[in-house]
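Chemist: Below is the structure I would like to discuss, written out as structure tokens.
Read-outs: derived from the displayed coordinates by stated rules, not from any lab. Remember, it's a predicted structure, so these values are computed and weren't measured experimentally. Cβ atoms come from the backbone with ideal geometry, glycine included; neighbour counts cover every protein chain shown.
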Amino acid sequence: MALVVFLRGVNVGGHRRFRPSLLATQLERFDVVNIGAAGTFVVRARSKSSDIEREIAKRLPFDCEIIVRPAHEVRTLVDAKPFDGVAFRRDLRGWVGVMAKKPAASLELPYLVPKGAEWALRVDRIDGRYAFGMWRPTRFVIPSNELEKVLGVRATVRWWETYERICRVMA
């Protein structure tokens, strides 16, 4: 089964830096494709998530959260077109957060950070281990941190365009 790997909190602000392309090369026996610099990978060879987690963890020079999801889940998310009709622009971006486990807490949606018309982060939908929303760079708000704070579970966020790239690589 093909897999998608999301590393949490890497290559951000000079902390926990590594070269994703080099890691993908080291994992070539799993047919791993690197997607950008944020620690997102597509594993195209049939593999077990535990094997991939172990292989990545032993090659990184630091500990980090590794979230592995079946590729068909990501394909289903993209095929559902959750942002259909939304015109992204520099000051309005769509994001999807993947969580390490299903959140125990629930939110009244949409959930705004900060509350009110001047929101910077909006959580619109939670579906299993995925959360969907919008981001406006009106204030310094990090989507992953806010999502973790309100849902009480580890998470990492990627822009919607990254999910679309993942699916192109899986094709």
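Chemist: Can you give the extra length, in nm with one decimal, that the chain gains between residue 106 and residue 1 once fully stretched, where that is 0.36 nm per residue apart less the Cα-Cα distance? Numbers along the way, then the final one.
Modeler: Values: separation 105, 0.36 × 105 = 37.80 nm, distance 3.07 nm.
Between residue 106 and residue 1, full extension yields 34.7 nm more.
Chemist: Under the rule a/c < 1.5 gives rounded, and otherwise a/b versus b/c splits prolate from oblate, where does the range 82-170 land using the Cα gyration tensor? Intermediate values should be presented prior to the final figure.
Modeler: Values: a/c = 1.72, a/b = 1.06, b/c = 1.62.
Judged from the Cα gyration tensor, the range 82-170 comes out oblate (a/c at least 1.5, b/c at or above a/b).
Chemist: Right, next: Relative to the present Cα-Cα distance, how much length would full extension add between residue 141 and residue 45 at 0.36 nm per residue of separation? Write out the running numbers ahead of the final one.
Modeler: Working: separation 96, 0.36 × 96 = 34.56 nm, distance 3.64 nm.
Difference between extended and current length: 30.9 nm.
Chemist: Which FRET efficiency, nearest 0.05, do residue 58 and residue 89 yield, Cβ-Cβ r, R0 45 Å?
Modeler: Numbers: r = 41 Å, r/R0 = 0.91.
Result of the calculation: an efficiency of 0.65.
Chemist: Run through all the Cα pairs of the chain and give the fraction in each 5 Å bin from 0, expressed as whole percent.
Modeler: Values per bin, smallest distances first: 1, 8, 18, 21, 21, 16, 10, 4, 1, 0.
Chemist: Quote the FRET efficiency, to the nearest 0.05, computed for residue 26 versus residue 117 with a Förster distance R0 of 35 Å and r equal to the Cβ-Cβ distance.
Modeler: On the way: r = 48 Å, r/R0 = 1.36.
The value I calculate is 0.15.
Chemist: Okay, next question. Go through 83, 134, 57 and say which Cα lies farthest out towards the positive end of the charge dipole of the chain; charges sit on Cβ, +1 for Lys and Arg, -1 for Asp and Glu.
Modeler: 57
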